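A short worksheet on the structure shown next.
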Amino acid sequence: MREFIIESALLTHGLKSISSERLKQELDKKWKIAWLDHRQTIVGNVDEFCEFRERAADYGRVNYFNYDQAVRAGRSGALTASGAMRVCEDRKIPLVVTCGIGGLVPDQCAEKCNDLRALMQSKVSMLATSFKDMFDFLYSVEQAEKSGVRVCVSDETLPGGYVFLPREASGTRLPEVKTATPHMLCLNPIPVEKRIQDRGILEDAVIYGKKQEKQGCYFHPAVNAKIDELTGGRSSEIQLESLIANAHFAEDI
C-alpha cells in the first residue's frame, strides 16, 4: 500500500457542517494526517487530529514556503497541501493527499500558486480533486505543465471544475496515472452528477471571501463556509466524500 499524508487545512477550516465525531466515523484510522502544534509537527490518525481540530478554529494555515518560519516561531496551524508536502519531504513519504488546490487565472505564472510552486521544487507528488472553482482549469493545467509539473488524471476524460459544474466541459484529455512520480499532480475529479449546478452560489461566495480577506481573514475558508451555508451543507459533504475517495485511490498508485 502506498504511504501518504493527508493535509489538514480542509479538515480544520473547510468543512463547516462536518463534526469531528463524523470525521472519526468516516476516515480510516490508518490514514495519516499532518498538522503543526506549538512548533511540533504532528503526524497522527483522525482521532488524534480531531483533538487538535476542536481548538484550532482560529489557528493559521501553514504552507510549504512559510513552514520553517512557523516552526521557528512556535506556531500552531493547519497544513495546506503544499505544507503537508514539506512534512512528507522530512519523513521520506512520496505522496500528499488533498482535495481542492490553488490554481491560476489568465496571465498569472505558476509561481503565483503555492501548490504548483511546491510541486515544481519538491519530489513529493500530490493527489488532489481539482483546482478550486474560482480558478481557470485549462490555464492552470497548461501553466503547470509548462513549469515541469506533470498533470495526470484518474480517468482519461476530465470535465474541469471542482465542486461546481464548469460553465462548459473542458474536453481536456490528460494521461491516466499509473504510479506516483516526482513533480506529478494527479487529479481525481468529483463525478459530474454530484456537482453543484448553480454557479451563482460560487460568485456570491467569492464576493464574500474577498470582503472577509480585507478584514484579515483567510479567503478560501471564508468562501468554503459561505458555499456550505448557501448549499445547506451539501458542499462540505461533497468535499469530504471526495477527500475519502482520494485517500482510497492513493493507496493504489
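Taking the range 122-132 as the range and being farther than 16 Å from Ala180 by Cα and either assigned to a helix (DSSP H, G or I) or open to solvent by 20 Å² or more (accessible area, probe 1.4 Å) (or both) as the test, only Lys132 passes. Being more than 23 Å from Leu202 (Cβ to Cβ), surrounded by fewer than 22 Cβ atoms within 10 Å (Cβ to Cβ), of a type outside the set (Asp, Glu) and free of Cβ contacts under 8 Å to residues at least 60 places away in the same chain: is that true of Ser154 here? Here the answer is no, as Ser154 does not meet what is asked.
Condition check ((1) open to solvent by 40 Å² or more (accessible area, probe 1.4 Å); (2) aliphatic (A, V, I, L, M); (3) assigned to a helix (DSSP H, G or I)) across all residues:
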{"site": "Ala34", "(1), (2), (3)": "no, yes, no"}
{"site": "Ile42", "(1), (2), (3)": "yes, yes, no"}
{"site": "Asp58", "(1), (2), (3)": "yes, no, no"}
{"site": "Asp68", "(1), (2), (3)": "yes, no, yes"}
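Scanning the range 227-249 for residues that are modelled with pLDDT of 95 or more, open to solvent by less than 70 Å² (accessible area, probe 1.4 Å) and part of a helix (DSSP H, G or I) yields Ser235, Ser236, Ile238, Gln239, Leu240, Ser242, Leu243, Ile244, Ala245, Asn246, Ala247. Just name the residue that is nearest to the chain's Cα centre (by Cα) out of those in the range 70-87 that are in a helix (DSSP H, G or I) and farther than 19 Å from Ile244 by Cα. So, considering only residues that are in a helix (DSSP H, G or I) and farther than 19 Å from Ile244 by Cα, the one nearest to the chain's Cα centre (by Cα) is Gly83. Of the residues making up the range 27-50, those that are touching a strand residue (DSSP E or B) at 6+ places or on another chain (Cβ under 9 Å) and over 20 Å from Leu95 (Cβ atoms) are Asp37, Glu48.
What about Lys24, is it at pLDDT 95 or above, touching a Cys at 6+ places or on another chain (Cβ under 8 Å) and loosely packed, with under 15 Cβ neighbours inside 10 Å? Against the criterion (at pLDDT 95 or above, touching a Cys at 6+ places or on another chain (Cβ under 8 Å) and loosely packed, with under 15 Cβ neighbours inside 10 Å), Lys24 qualifies. Of everything in the range 186-201 that is over 15 Å from Gly232 (Cα atoms) and among the hydrophobic types (A, V, I, L, M, F, W, C), the residue that is farthest from the chain's Cα centre (by Cα) is Val192.
Comparison of Ile101, Ile93, Ile18 shows that the only residue that is surrounded by fewer than 24 Cβ atoms within 10 Å (Cβ to Cβ), closer than 22 Å to Ala225 by Cα and among the β-branched types (Val, Ile, Thr) is Ile18. No other residue among Arg86, Arg117 is closer than 29 Å to Pro166 by Cβ, of a type in the set (Lys, Arg), open to solvent by 10 Å² or more (accessible area, probe 1.4 Å) and in contact with a helix residue (DSSP H, G or I) (Cβ under 6 Å, 6 or more places away or on another chain) apart from Arg117. Against the numbered list (1) out of contact with any Lys or Arg (no Cβ under 6 Å at 6 or more places or on another chain); (2) more than 26 Å from Val223 (Cα to Cα), Asn45 comes up short only at (1). Pick from the range 154-182 the residues that are modelled with pLDDT of 90 or more and within 16 Å of the chain's Cα centre (by Cα): which of them is farthest from Ile93 (Cα to Cα)? Among residues in the range 154-182 that are modelled with pLDDT of 90 or more and within 16 Å of the chain's Cα centre (by Cα), the one farthest from Ile93 (Cα to Cα) is Phe164.
The values are calculated or read from the model by the stated rules, or taken from the named source; none is laboratory data. Predicted model only: the values in this text are computed from it and were never measured. Cβ: placed from backbone, ideal geometry, glycine included. Neighbour counts: every protein chain shown. Quick note on the areas: whole protein, heavy atoms, side chains included, nothing else; ligands and nucleic acids left out. Shrake-Rupley method; radii C 1.70, N 1.55, O 1.52, S 1.80 Å.
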